[in-house]
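Visitor: Would you mind keeping the following structure in view while I ask a few things?
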Amino acid sequence: LNKDKNLMKRTVIDTEDNSKTLLINNTEVTYHSRHGAITESTHIFIENGVAAIKHKPRLTVFEMGFGTGLNAILAYEFAKTHGIKIQYHTIEKYPITNAEVAAFYETIVQYNPNLLPIYKQLHRLEWDTNNIIDDYFEVKKIESDMLDFHIDNNYYDIIFFDAFGPKFQPELWQPDQLKKCYNALKSEGFLITYCAQGQFKRDLKSVLFSVENLPGPPGKREITRAKKA
Ligand SMILES: C[S@@+](CC[C@H](N)C(=O)[O-])C[C@H]1O[C@@H](n2cnc3c(N)ncnc32)[C@H](O)[C@@H]1O
């Protein structure tokens, strides 16, 4: 079974808040919650992510898994609305196709039509170059495998840890990867993720994170925020 090949065969599906996500064919694995893609991303990565850091005019964010770019566009919206400068670095091994990107335009327009031009721009950007979108958002999309990517140390305020789940991609949730994230964060920085699995939380603690359980989005009891002391 060639998992790499399978990861590139996907179907666009509707979620319960009317926003779309992707499903990996022949699996139950989705890019976002079936209970609402935008609702989930907003709850986890915006409300409990960038909005949880107060009084900082600049934020550095590293995203594990650019995917559909929903987290990225919501982070952009947050930056612009709150007048905060975000430097956003996002890694992706299996970029989605232009046809898949186009399938999300409707979702973006329903959510906030003003975001559509930026959403398109984010997807058209060249990989592995730094791009200044406007006064509030600077983005670098890295086309690479997280497993052997070296992240800068003590650089990020927040890591959006949005890999597929530990059952599907156990290798990305191992202590060595979590240690790498720990090192990449500034002190007081944190990793935020939808995953609340017990073993994952023990592994976070084993690499010295302090772990917080937060209420989840619809359909999910808890999510996890892990802070670097
Ligand atoms: C749960 S989805 C993330 C969804 C994304 N944040 C979004 O808003 O659409 C996981 C993402 O991680 C990517 N990915 C999986 N394995 C990877 C790896 N080893 N290195 C980099 N990216 C990977 C997948 O292709 C997918 O886009």
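The values are calculated or read from the model by the stated rules, or taken from the named source; none is laboratory data. Keep in mind that what you see is a predicted model, and the values were worked out from it rather than measured. Positions of Cβ are backbone-derived with ideal geometry, glycine not excepted, and every protein chain shown enters the neighbour counts. Only protein heavy atoms, including side chains, enter the accessible area calculation; ligands, DNA and RNA are left aside. Shrake-Rupley method; radii C 1.70, N 1.55, O 1.52, S 1.80 Å.
Visitor: What residue, of 53, 13, is more than 22 Å from residue 167 (Cα to Cα) and surrounded by fewer than 19 Cβ atoms within 10 Å (Cβ to Cβ)? Spell out the reasoning first.
Guide: Working: 13 fails: more than 22 Å from residue 167 (Cα to Cα).
The conditions single out 53.
Here is a yes/no grid of residues against (1) open to solvent by 40 Å² or more (accessible area, probe 1.4 Å); (2) under 23 Å from residue 38 (Cβ atoms); (3) among the hydrophobic types (A, V, I, L, M, F, W, C); (4) in contact with an Asp or Glu (Cβ under 6 Å, 6 or more places away or on another chain):
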{"residue": "187", "(1), (2), (3), (4)": "yes, no, no, no"}
{"residue": "206", "(1), (2), (3), (4)": "yes, no, no, no"}
{"residue": "214", "(1), (2), (3), (4)": "no, yes, yes, no"}
{"residue": "222", "(1), (2), (3), (4)": "yes, yes, no, no"}
{"residue": "226", "(1), (2), (3), (4)": "no, no, yes, no"}
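Visitor: Take the residues of segment 150-173 that are acidic (Asp, Glu) and crowded, with 18+ Cβ neighbours inside 10 Å: which is nearest to residue 200 (Cα to Cα)? Don't jump to the end; show me each part of the working.
Guide: To start, the set of residues in segment 150-173 that are acidic (Asp, Glu) comprises 152, 157, 162, 171.
When the remaining residues are screened for being crowded, with 18+ Cβ neighbours inside 10 Å, the result is 157, 162.
Working: 157: 21, 162: 14 Å.
So the residue we want is 162.
Visitor: Do we find a residue being part of a helix (DSSP H, G or I), surrounded by fewer than 17 Cβ atoms within 10 Å (Cβ to Cβ) and within 16 Å of the ligand (Cβ to nearest atom) anywhere in segment 82-99?
Guide: Yes, some residue in segment 82-99 is part of a helix (DSSP H, G or I), surrounded by fewer than 17 Cβ atoms within 10 Å (Cβ to Cβ) and within 16 Å of the ligand (Cβ to nearest atom).
Visitor: From the residues in segment 1-24 that are in a loop (DSSP other than H, G, I, E, B) and modelled with pLDDT under 95, which one is nearest to the ligand (Cβ to nearest atom)?
Guide: 7
Visitor: Now, a different point. Within segment 47-70, can one find any residue that is under 23 Å from residue 103 (Cβ atoms), acidic (Asp, Glu) and assigned to a loop (DSSP other than H, G, I, E, B)?
Guide: No: zero hits.
Okay, residues lined up against (1) away from the ligand (no atom under 16 Å from the Cβ); (2) touching a helix residue (DSSP H, G or I) at 6+ places or on another chain (Cβ under 7 Å):
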| residue | (1), (2) |
| --- | --- |
| 140 | no, no |
| 144 | no, no |
| 147 | no, yes |
| 167 | no, no |
| 179 | yes, no |
| 184 | no, no |
| 191 | no, yes |
| 196 | no, no |
| 202 | yes, no |
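Visitor: Still on this model: As an exercise: evaluate residue 102 against (1) open to solvent by 30 Å² or more (accessible area, probe 1.4 Å); (2) over 16 Å from the mean Cα position of the chain (by Cα); (3) within 12 Å of the ligand (Cβ to nearest atom) and give the number of the one condition it does not meet.
Guide: For residue 102, the failing item is (3).
Visitor: Of the residues that make up segment 51-67, is at least one within 15 Å of the ligand (Cβ to nearest atom), out of contact with any strand residue (DSSP E or B) (no Cβ under 9 Å at 6 or more places or on another chain) and closer than 23 Å to residue 114 by Cα?
Guide: Scanning segment 51-67 turns up no residue that is within 15 Å of the ligand (Cβ to nearest atom), out of contact with any strand residue (DSSP E or B) (no Cβ under 9 Å at 6 or more places or on another chain) and closer than 23 Å to residue 114 by Cα.
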